[in-house]
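Here the structure comes first, spelled out in structure tokens, and everything after it is commentary.
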Amino acid sequence: MTEQHTNVRVRFAPSPTGHLHIGGVRTALFNWLFARHTGGTYLVRVEDTDVQRSTDVFLASQLRSLAWFGLMPDAQQPIVYQMSRVQEHIKAANSLVAQERAYPCFCPPRDADEVIHELEQGHGSKYSGTCRDKAYTPEDLQKPHAIRYKLPKELSSVEFHDLVVGTVKTDRDQLDDFVIVRRDGTPVYNFCVVIDDLFMKITHVIRGQDHISNTPKQVLLYRALDAKEPLFAHISLILGPSGAKLSKRDAAVSVEEYRLEGYLADALANYLVRLGWSHGDQEIFTRDQLVSLFSLDAVGKKGGIFDSKKLQWLNGIYMRQKTADQLLTALQDVNNVYVADLAALWEPATLHQLIDEYKQRCVTLVELFKNVSGLAHDPELLDVHLIAKWRSATTLPMLEAFADGLDRFDGPCTHDTVQALAEQVCASVQASLVTLAQPLRLALTGSIASPSVFQLIAIIGIERAHRRIRRLITVLAP
């Protein structure tokens, strides 16, 4: 069976019990892309019925992450808060009781030790059906009780077709009369999901494979409500290098962490989509390309292995495609203090030049900020061991000759004119250019890795460069 494209309505439904997980935002991306590709509608529902664990802080964080990715609900589609619909859930449960498709259960709740003991004895933990056919009065309903779905006697199995994993069949012996409303009057997750998806007129449920075990119960509830169930698509999980579910030991797992580390939203989105979907061997996609090409038919069944190095590589590519102004705007999303700091350290024209140089080798915005801001200050440490490979008897004379050349510099200070001076100095002692360039790089940056040292001198100016080179000469002098 292939996906259906008529009046598509999908939703992303996070629970505000933590920061938005990268697996969650990938699910949101798949929903958003499917809606855009099919001309459908993308919605967001906050599943906040876990009152003890849901917080406003986590809700704000999740919404901020969705906004950063451009994954807020479509225009004129307000966010649905599940907790605000509890009375509708209860009303639907009571309706099922009235139709004898559910029933009140007065059995006391079992504690965890009892359930574990039954499992150890091989008896399972399914409900025995004590209250299934028990008569009750209106007075009885005033006592604490749960509401259980009533599994049809004639049911032998539950089967549905998943648009990603194929046909899924669950035999009756794997099911029981499961609770839909707890003794404290709160509806359970599986029941709320069904009622709210019907309310939101959801046509396709696209979510992680960790939810596939919930689906048979939800299918049964749709049928008990005489409602058409949506099409399901359970996407693979994101895995760590070991093949297990991604954990904090493997990489950062929240979207907030990646934003604060300086990843671009489009780069992270591109990477996450490619972890479970493919289009030939193509790795880099614009949003428009993803919308045009995305199909559930191309979503893989196996989990994708998260590779931090590959994400860095991809983020670096996206950074190189941005202008200096675009990168400064993106850096504002990381921390507006960073942008203020850079503005205080560098003149606008100089700042733009430095960003254009460093973006060629940086893989995150934070790395870019540290390099550009750090260059404004003389290096705290000059570790001469870093240039041991290039150091010789000519190193000190070349640095002194180069510094003297800067003193006498006449004309425009450009990459080419600075390099010409360096080549002249090296030629005078028959040394290769790199044997001068690396000590110069150490003097300017405190490192032996940077953009072109000649371009840096042209950007930061002769005075600052001359002072730093003289300092290295002092350190190297016997």
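The values are calculated or read from the model by the stated rules, or taken from the named source; none is laboratory data. None of these values were measured; they are calculated from a predicted model. Glycine gets a Cβ as well: all are built from the backbone with ideal geometry, and neighbour counts include every protein chain shown. Accessible surface areas use protein heavy atoms only, side chains included; no ligands, DNA or RNA. Shrake-Rupley method; radii C 1.70, N 1.55, O 1.52, S 1.80 Å.
Observations on the model:
- Candidate residues Trp68, Trp346: accessible-area rank, largest first, probe 1.4 Å: Trp68, Trp346
- Potential lengthening of the chain between Thr414 and Thr17 amounts to 137.4 nm, from the contour at 0.36 nm per residue minus the alpha-carbon distance.
- Which of Arg470, Arg132 is most accessible, then next, and so on - probe 1.4 Å: Arg470, Arg132
- Mean separation of Cα pairs under 8 Å and 6 or more residues apart, divided by the residue count, gives region 173-257 a relative contact order of 23 percent.
- Relative intensity, log₁₀ I(q)/I(0), of region 1-100 from a Debye sum that treats every alpha carbon as a point, q = 0.10, 0.13, 0.16, 0.20 Å⁻¹: -0.34, -0.55, -0.77, -1.01
- Leu63 accessible area, 1.4 Å probe, all protein chains in place, Å² to nearest 10: 40 Å²
- Excluding ligands, DNA and RNA, the accessible surface per residue across the chain is 48 Å² with a 1.4 Å probe.
- Rough spin-label spacing in nm, given labels placed 7 Å along Cα→Cβ, for Asn7 and Lys248: 4.6 nm
- Loop-located trypsin sites (Lys or Arg not before Pro) across region 135-179 with a Cβ neighbour count of 10 or fewer within 10 Å are Lys153, with loop assigned by DSSP.
- Spin-label model, Ser157 to Asn214: label points 7 Å out along the Cα-to-beta-carbon direction sit 2.5 nm apart.
- Accessible surface of Val429 - all protein chains present, 1.4 Å probe, nearest 10 Å²: 60 Å²
- Pairs with C-alpha atoms separated by more than 24 Å, drawn from the list Lys169/Lys301; Lys309/Lys370; Lys150/Lys228; Lys217/Lys301; Lys150/Lys301; Lys322/Lys370, are Lys150/Lys301.
- Label corresponding to volume of the Cα convex hull per residue in Å³ when calculated from the structure given, among (1) 197; (2) 168; (3) 361: (1)
- More than 21 angstrom apart: percent of Cα pairs within region 320-478: 46 percent
- For the chain, the dipole from Cβ point charges (+1 on Lys and Arg, -1 on Asp and Glu) about the Cα centre works out to 420 debye, to the nearest 20.
- Length added when fully stretched, Ser95-Glu400, from 0.36 nm per residue minus Cα-Cα: 100.8 nm
- Ligands, DNA and RNA left out, the 1.4 Å accessible surface of region 134-200 is 51% carbon and sulfur atoms.
- When restricted to Cα atoms, region 309-356 yields an Rg and a Dmax of 11.6, 34 Å, respectively.
- Apolar share of the accessible surface for region 358-467: 51 percent from carbon plus sulfur atoms, 1.4 Å probe.
- Only protein heavy atoms count here; under a 1.4 Å probe, Glu423 has an accessible surface of about 90 Å².
- For the pair Thr350 and Asp74 in one chain, pulling the backbone fully straight at 0.36 nm per residue adds 95.3 nm over the alpha carbon distance.
- Straight-line cross-link partners of Lys310 among the aspartates and glutamates, defined as a Cα under 16 Å from its Cα and at least 8 positions apart when in the same chain: Asp250, Glu261, Asp266, Asp281, Glu283.
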